[in-house]
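Where a number appears in this text, it was derived from the coordinates with a stated rule and is not lab data. Note that this is a predicted model, so its numbers are computed, not measured. Note that we place each Cβ from the backbone using ideal geometry, even for glycine, and neighbour counts take in every protein chain shown.
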Amino acid sequence: MRVAETNGPDGTTGPDPDDALNRLSGTVHGPAVQARDIHGGVHVHEPAFSVPAPRQLPATAPLVNREDDLAALDDVRTRTTDAARVAVVSGPAGIGKSALALHWAHRVRSEYPDGQLFADLRGHAPGDPISPAHILGGFLRALGFRPDHMPADPGELAALYRSATADRRLLVILDDALSAAQIRPLLPATTDSLAVVTSRWRLTGLLARGARAIQLDRLDEDAAVRLVTLAIGDDRAAAEPEAARRLVRLCARFPLALSVAAARLAVRPGWRVAEMADALAHERRRLSALATEEDDMAVRGAIDLSYRALPPDAARVYRLLGLFPGTAFEDGLAASLADLPSAEARRLLDVLADANLLRDTTAGRYRFHDLIRLHAGEMAERDEPGAVRDEADQRMLGWYLATATAAGQQAARYRRDQRRDLVHAPDEPRTFADAGEGLDWLERELPTLLVLLRRALEDGRFTWGWQLVDAAWPLFLHRGHYAERLEFDRTGLAAARAAEDPEAEAKMHNRVGLALRDLGRTDEAAEHFHAALDIWRTLGNAYRVAGSMRRLAFIAADRERYDEAIRYFSEALEAYRSLAEPRPRKEALTLGDLGAALTRAGRAEGAVGHLEEGRRLLASAPDPYNQARLLIRLAQARLALDAAADAGALFAEALRTMRTIASPPGEAEALEGLGDVAGRLNRTDEAHRRYQEAAEILERIGSPKAARLRNRLGERPGGS
């Protein structure tokens, strides 16, 4: 402001009232005061713009079984802190983030008397996300600020919001955020207020500044059934309890999918729950079935919005992972699928995990939720050319076959002749430190291997199929899995036949025969061993003929025809010894089998020499499992000769080895032997304890031998 000056009546200089000019420089918000002489303090009172405290919370959807997550929000509210109180509720599309935040907000709203603010940031809606400045303007108006008193500059607007919230106790719900940058200007200024942010992204930028992460996962099955029951009624759900459980499993226990399925049932009272479940059963039609008439893209559309928010390189990895038929996988598999270096694949997997399109379950391991996996598969089919999909599929199969071979090799280093026909060998093969790590990998991946094996047979990849079965053999030797093993081996046999590969067919006959024998199905096992023998004789493979004779000896021993078994074992032993290329390991194993048959036939004295020779031949082989089994066979012979103390020491040594290599069947066999020793020494309680331990191990791995051992527990220890 500039004022023209003149002399006053007393000769002093003062403003000329006729020549006064008023000029304002800069931006002024609120009233400007024009005055001539001011004496004393000046107080300018702007007329109050009175508004009620904002109560903006929308109604909430039904919420079930989120007590732990509600408690986590309570903890954010009540904990002592000098930092802003911020909770980030994250999870995939349709998991119930908004429902949780609003349910909790309604529950505690009385704790925030100065108001509850709500904003839908539309982070994953079509179009651009809403800007923080737009939300700030709405919040400030709700708090009583006139629109014409708000600065246009976003930074000044955020500063005004901080001032406005500094002395208030507010609850702020920020729904569907896209980024931490979108959220930061909207956070209240003091610890008296609290902000709950929901996002499909983890928003690690907020977490790094002290926000509490609350990661939502699927409902458990009982809670999912309750959510459906709320929509369709108790009577209807109770009438078809199994169908209701099947329905929630097909909906992957996602609240949005459950709500859509239940809504379709609710408006169709004539439908049975089983009919809705049937409509979801086919994977290719499931996402289409999870839609309502008003929104024909309900579940698919929700996931699609997350997919569209991805950067292009992460979106490509997401699509290619849609070719993977399982749910859990390693970063090495993703690198092979996408043909990327490991470090780059891990970076992009982290992007997908931050977007909650994947869960990173442990270091280097990720999991798809079922519905998201189906969506990724749809995107691959829609956006990737067929040739690209085929090439990625070949890389995936190559990675699994190479990795299964490496894992099995660690547990059976003595194996030779492992032919592998890899169209695409992995650039960075997976390695394993020891046998236990390799077996753990095979065990963990078994469900995926079964799916891949079935699909390989359907797709005509027959050689890959039987070679995978061959690679995984050590898993079943050491860890059981008897039911899965039979399906696995039978599929391998079908693949070998389809490949018209007689050597592979004979190998797979042996695999199936051994699986059937372990299940106690001796007659069927014998048929497969005979079939293998016929093929090997036709091919003139003396080494393999000897192996088939040895397996037929197993059958004779199982049938308690010990003389026949001894004859077969003796013929197999001579066949191995007559080979041009010595096979000392096979000789050692056959000597062990021969010794065991002699012991069971009551000729333990003759068994000991064969068993000792077998131990000598096997001593330098990388085969701790069979070294321990020879100890068990020798211990059985020594016990039959009343050398209980010697037998106990041998069984104990075998037990230590079996535990070291993590072989439950071998561990159970050694424990049973220790029970026999204790029974022979009249240590009844110890014998019972050993049998009990062995039975529990066999039951845990699903071995049919557990029933025989349970029968022994009803006998007097030490009995035969």
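The antiparallel fraction among DSSP beta bridges confined to the chain stands at about 30%. A compact globular protein would have a Cα radius of gyration near 2.2 N^0.38 Å; the ratio found for the chain is 1.38.
Per-residue 3J(HN,Hα) values for the stretch 313-329, derived from phi via the Karplus relation 6.51 cos²θ - 1.76 cosθ + 1.60 with θ = phi - 60°, read 5, 5, 5, 5, 4, 4, 4, 5, 5, x, 7, 6, x, x, 10, 10, 7 Hz in sequence order (x marks Gly and Pro).
Each Lys and Arg adds +1 at its Cβ and each Asp and Glu adds -1 at its Cβ; summed about the Cα centre, the stretch 67-215 shows a dipole of about 80 debye. Rounded to the nearest 20, the Cβ-based charge dipole of the chain about its Cα centre (Lys and Arg +1, Asp and Glu -1) stands at 1760 debye. Within the straight-line cut-off of under 23 Å between alpha carbons, the lysines reachable from residue 586 are 507, sequence neighbours fewer than 8 places apart in one chain being disregarded. Based on C-alpha pairs under 8 angstrom that are at least 6 apart in sequence, the stretch 541-620 has a relative contact order of 26 percent. Against the chain, whose longest principal axis comes from its Cα atoms, helix 542-558 is set at around 90 degrees.
Over the chain, Cα pairs under 8 Å with separation of 6+ residues give a relative contact order of 7 percent.
Measure nothing but the geometry: give the 0 to 90° angle between the long axis through the Cα atoms of 502-518 and the longest principal axis through the Cα atoms of the chain, rounded to 10°. So the helix axis and the longest Cα principal axis differ by about 90 degrees.
Spatial offset of the stretch 487-543 relative to the stretch 614-657 amounts to 30 Å, using the alpha carbon center of each. What translational diffusion coefficient, in µm²/s and rounded to a whole number, does the Stokes-Einstein relation yield for the stretch 169-248 at 10 °C and a viscosity of 1.306 mPa s, taking the hydrodynamic radius as the Kirkwood radius over Cα pairs? In µm²/s, the coefficient is 102. A viscosity of 0.890 mPa s and a temperature of 25 °C, combined with the Kirkwood radius over C-alpha pairs in the Stokes-Einstein formula, give the stretch 499-641 a diffusion coefficient of 159 µm²/s. Distance from the Cα centre of the stretch 297-372 to that of the stretch 427-481, in angstrom? What the calculation gives is 23 Å, centre to centre. Each Cα pair under 8 Å and six or more residues apart adds its separation to the average, and for the stretch 622-720 the resulting relative contact order is 23 percent.
Ratio of Rg to Rh for the stretch 67-215: 0.94 [Cα atoms; Kirkwood radius as inverse mean 1/r over pairs]. Overall shape of the stretch 343-389 was characterised from the C-alpha gyration tensor. The equivalent ellipsoid obtained from it has semi-axes of 21, 14, 8 Å, in decreasing order. The Cα atoms of the stretch 541-620 define a convex hull whose projected area, averaged across directions, is 4.8 nm². Computed over neighbours whose Cβ is under 9 Å from that of residue 402, the net charge equals +2, Lys and Arg +1, Asp and Glu -1. Relative to the Cα centre, the charge distribution of the stretch 221-301, modelled as +1 at Lys and Arg Cβ and -1 at Asp and Glu Cβ, gives a dipole magnitude of about 240 debye.
Ranked by the mean number of other Cβ atoms within 10 Å per residue, highest first, peptides 224-232, 123-131, 95-103 order as 95-103, 224-232, 123-131.
Placing unit charges on the Cβ atoms of the charged side chains and taking the dipole of the chain about its Cα centre, the candidate lying farthest along the positive direction among 65, 292, 588 is 588.
Normalised by residue number, the volume inside the convex hull of the Cα atoms of the stretch 221-301 is 76 Å³ per residue.
Normalised Debye scattering of the stretch 255-367 at q = 0.11, 0.13, 0.15 Å⁻¹ gives log10 I(q)/I(0) of -0.46, -0.60, -0.74, counting only Cα atoms as equal scatterers and leaving out solvent. Taking 2.2 N^0.38 Å as the expected size of a compact globular protein, what ratio does the Cα radius of gyration of the stretch 481-551 give against it, to two decimals? Normalised Cα radius of gyration, the stretch 481-551: 1.03. What's the angle, to the nearest 10 degrees (0 to 90), between helix 298-308's Cα axis and the longest principal axis of the chain? That helix lies at roughly 80 degrees to the long axis.
Extension gain for the segment residue 106 to residue 281, taken as residue separation times 0.36 nm less the Cα-Cα distance, is 59.3 nm to one decimal. The Stokes-Einstein estimate for the stretch 606-715, based on a Kirkwood radius over Cα pairs and taken at 25 °C with 0.890 mPa s viscosity, is a diffusion coefficient of 175 µm²/s. Using a simple spin-label model with pseudo-atoms 7 Å out from Cα toward Cβ, residue 558 and residue 347 lie 5.5 nm apart.
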